[in-house]
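S.K.: Sharing a structure, written as structure tokens. Questions coming.
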2 protein chains.
Amino acid sequence: MRITRTADYGVRVMTRLAAAPTGTRMTVAELAQESQSTVAFTGKILQRLVGARLVVSHRGFEGGFELARPADSITLLDIVTALDGKLCINECMPEGAGCDRAPTCAAHRVWLKAQEALAQVLGAESLAQMAAGQPG
Amino acid sequence: MRITRTADYGVRVMTRLAAAPTGTRMTVAELAQESQSTVAFTGKILQRLVGARLVVSHRGFEGGFELARPADSITLLDIVTALDGKLCINECMPEGAGCDRAPTCAAHRVWLKAQEALAQVLGAESLAQMAAGQPG
């Protein structure tokens with residue numbers, strides 16, 4: 001039960017963007033360097049963050065990437081969901097493929113409770129809070 | 001971020017064993033049928049549960065599998081840990097490969113908090129509680 005490498009590095013990229021002064025646009029190369037990753041991998045992550053409307057891409061000479069909305073309106077859960085899909089710790093969760101045992105299965109309600117606890121923690125943490133301790 | 005199929009079915013097997021009257025030994029075939037799985041897969045799961053000392057295997061005519069200790073002393077976390085390894089939602093967790101950014105990374109403390117929340121829920125649920133609603 002682990003987040004993907006994509007989500008892990010995606011959080012790095014988003015935290016770095018959030019730590020930059022408002023209006024700053026960062027290039028893929030800068031973000032790759034600061035998140036200790038490759039340009040190719042960072043590019044793929046950014047593409048998905050743009051698709052999820054968490055990041056905006058600007059073309060041209062002054063182009064680059066910036067957050068699509070204020071960092072205090074983005075949570076860690078938003079970022080994980082954008083990159084790994086909705087939380088789904090087991091098949092029987094609402095987001096899973098389903099399981100016909102769910103209505104009578106005693107474990108089902110515990111998996112659900114565990115998933116809710118996870119969502120609660122990740123959803124309570126804003127990107128602004130995470131970026132506050134990072135270099136701008 | 002999902003538990004493995006092994007852990008999912010392992011919980012089914014353990015719940016079924018816990019629902020049986022004390023002293024009952026169940027065969028792989030019975031457990032496979034009741035957990036809606038194959039004998040081969042159930043056999044592999046049982047082997048690991050025996051290895052983790054959650055289940056005892058008895059050979060011979062009256063042989064079969066039973067819980068190694070009372071169901072109220074086994075938690076859902078014990079079962080998941082036995083089959084999937086220690087909870088580790090990201091590389092930077094104490095159980096992970098490590099990450100040199102952890103000391104200054106703002107996300108690290110949130111991952112840790114999320115993992116603790118998950119462990120708290122899974123560790124608070126005993127197998128006896130889960131088995132209580134199951135057919136004996």
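S.K.: Could you tell me how many of the residues in the range B:18-49 are part of a strand (DSSP E or B) and within 22 Å of A:A102 (Cβ to Cβ)?
M.R.: Summing the residues that are part of a strand (DSSP E or B) and within 22 Å of A:A102 (Cβ to Cβ) in the range B:18-49 gives 0.
S.K.: How about the range B:103-117: which of its residues are closer than 22 Å to A:Y9 by Cα, facing another protein chain (nearest Cβ under 7 Å) and among the hydrophobic types (A, V, I, L, M, F, W, C)?
M.R.: Residues satisfying the conditions are B:A106, B:A107, B:V110, B:A114.
S.K.: Kindly indicate the residue of the range A:1-31 that is free of Cβ contacts under 8 Å to residues at least 60 places away in the same chain and hydroxyl-bearing (S, T, Y) and also surrounded by the most Cβ atoms within 10 Å (Cβ to Cβ) among those meeting that condition.
M.R.: Among those residues, the one meeting the criterion is A:Y9.
S.K.: In addition: Let me confirm something: among A:A128, A:A107, A:A102, which residue is in a helix (DSSP H, G or I), closer than 30 Å to B:A131 by Cα and of a type in the set (G, A, S)?
M.R.: A:A107
S.K.: Can you say whether A:E95 is in a loop (DSSP other than H, G, I, E, B), surrounded by fewer than 21 Cβ atoms within 10 Å (Cβ to Cβ) and touching a Leu at 6+ places or on another chain (Cβ under 8 Å), as far as the supplied structure shows? Reasoning before the result, please.
M.R.: On the way: in a loop (DSSP other than H, G, I, E, B): yes; surrounded by fewer than 21 Cβ atoms within 10 Å (Cβ to Cβ): yes; touching a Leu at 6+ places or on another chain (Cβ under 8 Å): yes.
Yes; evaluated as a whole, the condition is true for this residue.
S.K.: How many residues does the range A:1-40 contain that are over 20 Å from A:L118 (Cβ atoms), touching an Asp or Glu at 6+ places or on another chain (Cβ under 7 Å) and not hydrophobic (A, V, I, L, M, F, W, C)?
M.R.: Residues meeting the conditions: 3.
S.K.: Scan the range B:52-62 and give yes if some residue there is open to solvent by less than 50 Å² (accessible area, probe 1.4 Å), under 12 Å from the mean Cα position of the chain (by Cα) and of a type outside the set (V, I, T), otherwise no.
M.R.: Yes, the range B:52-62 has at least one match.
S.K.: Here are B:A107, B:A102, B:A117: which of them is surrounded by 15 or more Cβ atoms within 10 Å (Cβ to Cβ) and at pLDDT below 85?
M.R.: B:A102
S.K.: Kindly provide the set of residues from the range B:70-89 that are in a loop (DSSP other than H, G, I, E, B) and touching a residue at least 24 places away in the same chain (Cβ under 8 Å), ordered by number. If you could, list the steps in order and put the result at the bottom.
M.R.: Just the residues of the range B:70-89 that are in a loop (DSSP other than H, G, I, E, B), to begin with: B:70, B:74, B:85-89.
Once the filter is applied, which keeps residues that are in a loop (DSSP other than H, G, I, E, B) and touching a residue at least 24 places away in the same chain (Cβ under 8 Å), the range B:70-89 yields B:P70, B:I74, B:L87, B:C88, B:I89.
S.K.: Okay, next question. Pick from B:E91, B:E116, B:E95: which is farther than 30 Å from B:L17 by Cβ and of a type in the set (D, E, K, R)?
M.R.: Going through B:E91, B:E116, B:E95 in turn, just one is farther than 30 Å from B:L17 by Cβ and of a type in the set (D, E, K, R): B:E91.
S.K.: In the range B:50-69, which residues are without any contact (Cβ under 8 Å) to a residue 24 or more places away in the chain and not in a helix (DSSP H, G or I)?
M.R.: B:R53, B:V56, B:S57, B:R59, B:G60, B:F61, B:A68, B:R69
S.K.: Return the only residue of A:L46, A:L87 being away from chain B (no Cβ under 11 Å) and open to solvent by less than 50 Å² (accessible area, probe 1.4 Å).
M.R.: Details: A:L87 fails: away from chain B (no Cβ under 11 Å).
Result: A:L46 is the single residue among A:L46, A:L87 that is away from chain B (no Cβ under 11 Å) and open to solvent by less than 50 Å² (accessible area, probe 1.4 Å).
S.K.: Next up: Given (1) more than 11 Å from chain A (Cβ to nearest Cβ); (2) more than 15 Å from B:M14 (Cα to Cα); (3) of a type in the set (S, T, Y), identify the lone condition not met by B:S37.
M.R.: (2)
S.K.: Quick check on B:L17: is it within 24 Å of A:C105 (Cα to Cα) and within 12 Å of the chain's Cα centre (by Cα)?
M.R.: no
S.K.: Let me ask another. Could you check how many residues of the range B:125-136 are free of Cβ contacts under 8 Å to residues at least 60 places away in the same chain and either open to solvent by less than 30 Å² (accessible area, probe 1.4 Å) or more than 9 Å from chain A (Cβ to nearest Cβ) (or both)?
M.R.: 2
The values are calculated or read from the model by the stated rules, or taken from the named source; none is laboratory data. From a predicted model like this one, the values you see are computed outputs, not experimental measurements. Cβ atoms come from the backbone with ideal geometry, glycine included; neighbour counts cover every protein chain shown. We work out accessible area using only protein heavy atoms, side chains counted, and drop any ligands, DNA or RNA first. Shrake-Rupley method; radii C 1.70, N 1.55, O 1.52, S 1.80 Å.
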